[in-house]
Amino acid sequence: MNITKEKISDLNSIVKVKLSPEDYQQLVDSKLKDIQRKASMPGFRPGKVPVGMVKKMYGKTVLADEINKVLNKSLTEYISSNSIDILGQPIPTEEPQDHIDWDNQKEFEFTFELGHAPEFVIDLNNESFEYKMIKVEDDLINKEIADMQRRYGKISSPEKVEKNDLVFGVFQELDSEGNELENGINKSASVATEKIKDEKTLNALLGQGKDFQLTVDPHLLSDNKTDVAAMLGIPAAQAESLSSNFKFTISNISRVEPAELNEELFKKIYGESIKTEEEFRDKIKSELSSMFNSDSDKFFLNKVVAGLVNKCDLQLPENFLKRWLLLTNDTQLTAEQIEREFPVYAERLKTQIVINKILKDNQINVGQQEVRDYVKDLIAKQFASYNMTSMEEKDLEDTVSRVLKNEKEYNRIVEKMYDDRILAFLKSKLKLNFNEVSFEDFYHQH
């Protein structure tokens, strides 16, 4: 086997792989013998089909398959052993490859294009970034308490509609003259009065009871298109273009009477640990602070990485990446779609390149045992939060193993651990300009 690489630019190179029989023939012969052992044909006992017949029937396919395996393995090993930092995977060059004569050819040559990751340096010395923190003010605590009171409140069925009630009824689509539309939309649903922003529509419902009928544009019942689609049982796209009015007939009214702010409520939410309203408010403040700190960390990490992407001015092998996406995507993307969506893809790729560079330069890693220990600690804490006795060690280990067998969950956990470690590193390395802002200022700007 002979592999050579020709540099085309800082971001592209061509790799040629030449194969001779000693690179693949033994693998081909072994595969054909394996097929012969399993082959069953009329006139021959199982496993006694002549090798020549097997070769005639399967030889070309086996040869192509084994050469493809050798190619993939040799390219992977070549790239790894030479520490070539590539983007995507090697792809055949655009120039036509020589025609392959599978019957007679013994020597094979294949040409691939590589797209290289850009070379750059990240200097974090003397860098400073804003770190926004959210003030946990009394109005946020009060809102959270009000939500808890409603969540643990008692449900009643009043006679008349009031603000914050949930109104059940039937929607019937009307034609342009206000009559029920034949074969139109007919759907039982509920309307949350707190979501009605149009005062005229809200006032028309308030004080009404069962069997009251209201002619209404459903878009006035919520400014959320998804809500409107769910109410009418139709796709979001159809809801967006819908111009019909509807007759809404009230069938029932539901109201949540807020739970009293007392020790009974504190116990339902936090167990025996909270006794007074002051302790209750402090607990909520602590939980909100923890949640907001997590959002502050995400904002800080995203801002730092975006700043570094911009500062490093990374160049990508764009033509290679577009070809690679076209050849390897599973969703049948067209060249036009790739061209249109490439700027978004490129920014995401640059972000990942910068993150990988920080991880590599600073030897930030996550080991298999560390993942197990992390999950084990999470499960143990979760179990303890239920006020139960600690799990047996074997049960705990078995639970960890079950969690980590889920590939999606495993990847999510590893990604979280990497995020935590790179965040801790950046916080320790950079100068942070702390800026305390209100809840509205933080979330409305992001």
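The values are calculated or read from the model by the stated rules, or taken from the named source; none is laboratory data. Treat the numbers as computed from the prediction; the structure is a model and nothing was measured. Cβ atoms come from the backbone with ideal geometry, glycine included; neighbour counts cover every protein chain shown.
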Could you figure out which of (1) assigned by TED's automatic domain parsing to the domain that holds Glu182; (2) out of contact with any Asp or Glu (no Cβ under 9 Å at 6 or more places or on another chain); (3) not in a strand (DSSP E or B) isn't true of Ser244? (2)
Tabulated pairs, the stretch 280-303, first without any contact (Cβ under 8 Å) to a residue 24 or more places away in the chain, second of a type in the set (A, V, I, L, M) and in a helix (DSSP H, G or I), C-beta under 9 angstrom, 6+ apart or interchain: Lys283/Ile269; Lys298/Leu423
Scanning the stretch 267-311 residue by residue, those hydrophobic (A, V, I, L, M, F, W, C), under 30 Å from Val344 (Cβ atoms) and touching a Lys or Arg at 6+ places or on another chain (Cβ under 8 Å) turn out to be Phe299, Phe300, Val309
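For every residue, the table says whether it meets (1) β-branched (Val, Ile, Thr); (2) without any contact (Cβ under 8 Å) to a residue 60 or more places away in the chain; (3) part of a helix (DSSP H, G or I).
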{"site": "Arg348", "(1), (2), (3)": "no, yes, yes"}
{"site": "Lys360", "(1), (2), (3)": "no, yes, yes"}
{"site": "Asn365", "(1), (2), (3)": "no, yes, no"}
{"site": "Ala380", "(1), (2), (3)": "no, yes, yes"}
{"site": "Phe383", "(1), (2), (3)": "no, yes, yes"}
{"site": "Lys416", "(1), (2), (3)": "no, yes, yes"}
{"site": "Leu426", "(1), (2), (3)": "no, no, yes"}
{"site": "Leu432", "(1), (2), (3)": "no, no, no"}
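Considering only the stretch 36-91, how many residues are of a type in the set (Ser, Thr, Tyr) and in a loop (DSSP other than H, G, I, E, B)?
Keep residues of the stretch 36-91 that are of a type in the set (Ser, Thr, Tyr), which gives 40, 58, 61, 74, 76, 78, 80-81, 83.
Cutting the leftovers down to in a loop (DSSP other than H, G, I, E, B) gives us 40, 83.
Summing the residues that are of a type in the set (Ser, Thr, Tyr) and in a loop (DSSP other than H, G, I, E, B) in the stretch 36-91 gives 2.
Name every residue in the stretch 176-214 that is among the small types (Gly, Ala, Ser) and part of a loop (DSSP other than H, G, I, E, B), in order of residue number. Full working, then the answer.
The first filter runs over the stretch 176-214 and keeps only residues among the small types (Gly, Ala, Ser), leaving 176, 178, 184, 188-190, 192, 204, 207, 209.
Correct list: Ser176, Gly178, Gly184, Gly207, Gly209.
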